[in-house]
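Novice: Structure incoming, see below.
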Amino acid sequence: MLASLALVLSTALSATAHYTLPRVGNGADWQHVRRADNWQDNGFVGSVNSQQIRCFQNSNAGASQTYNVSAGSQLTYYVNPNAYHPGPMQFYMARVPDGQDVTRWDGSGSVWFKIYHEQPTFGQQLGWPSLNKGSFPVTIPRCIRSGYYLLRAEHIALHSASSPGGAQFYISCAQIGVTGGGSTEPSNKVSFPGAYSASDPGIQININWPIPTSYRNPGPPVFQC
């Protein structure tokens, strides 16, 4: 009886343990981050083919301000309240074309390059560095061109990902201005939607049994200067 009750409580907690990614640096919630559609309900994107897989927005409403950061420096992205589910944290960037307004640019097309993805540790279970964390540091590549960018934060929850469509995507996009950059143009750019398939091995995966001994992150390789 007690075991059954514990299972019910655990399942209920898992169903409601959702979160947003609303803030970067020392700003306020949704000040520099475009307000995602889950800002009130902490929900998730369930389809990799949805337009929401880009910045978790059905519209293209920009944030009120842009956060300035130096190329090569570290920026902290915050989760509210915490990243309660197991799975990888990933970051992408897309440069706003010269002459376009960062608050209006929609980030469509093959413009996104990955700057970080998280790998688990392996053993009796997968250990995710991001699990239950409330903030994630990410380094802006030192060699990319200066200018305005969208910084896309993505946490992929894999606790129910054994069947197609079971992965949960928690996403938002910050508006940042990069200064002191170089001249390198990143390769392996992708579009959202388009970068992922529901059957990608890093998206459709049973992390509970048998315990995986490897993990392949979805999307392109991480860009390196």
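Novice: [x] 17.4, 65; [y] 19.3, 82; [z] 25.9, 91: which one is Rg and Dmax of the Cα atoms in Å as calculated from this entry?
Specialist: This structure yields the entry labelled [x].
Novice: Measuring with a 1.4 Å probe in the full set of protein chains, what accessible area per residue, in whole Å², belongs to the chain?
Specialist: Details: 10460 Å² over 225 residues.
Per residue, the chain has an accessible area of 46 Å².
Novice: Sticking with this one: Once you've got the GNM for the chain with C-alpha springs shorter than 10 Å, pick whichever of L150, L158, L126 has the biggest mean-square fluctuation.
Specialist: Judging by the Gaussian network model, the answer is L126.
Novice: Here is a further query. When the accessible area of the chain is split by element with a 1.4 Å probe, what percent falls to carbon and sulfur?
Specialist: Working: 5140 of 10460 Å².
Of all accessible area on the chain, carbon and sulfur atoms account for 49 percent.
Novice: With a ≥ b ≥ c the root eigenvalues of the C-alpha gyration tensor of the stretch 43-83, is it rounded (a/c under 1.5), prolate (a/b larger than b/c) or oblate?
Specialist: Values: a/c = 2.11, a/b = 1.57, b/c = 1.35.
It comes out prolate by the Cα gyration axes.
Novice: Skipping prolines and chain starts, which residues have an amide H placed within reach, meaning under 5 Å, of the one on S135, given they are 5 or more residues away or on another chain?
Specialist: V79
Novice: Also, quick follow-up: Pairing the Cα long axis of helix 2-16 with the longest principal axis of the chain, what angle in degrees results, from 0 to 90 and rounded to the nearest 10?
Specialist: 20
Novice: Of G180, G109, P210, whose Cα points farthest to the positive end of the dipole of the chain (charges on the beta-carbon: +1 Lys, Arg; -1 Asp, Glu; origin at the Cα centre)?
Specialist: The residue sitting most towards the positive pole is G180.
The values are calculated or read from the model by the stated rules, or taken from the named source; none is laboratory data. Treat the numbers as computed from the prediction; the structure is a model and nothing was measured. Don't worry about glycine lacking a Cβ; one is built from the backbone with ideal geometry, like all the others, and counts go over all protein chains shown. Just so you know, the surface numbers come from the protein's heavy atoms only, side chains and all, with ligands and any DNA or RNA stripped out. Shrake-Rupley method; radii C 1.70, N 1.55, O 1.52, S 1.80 Å.
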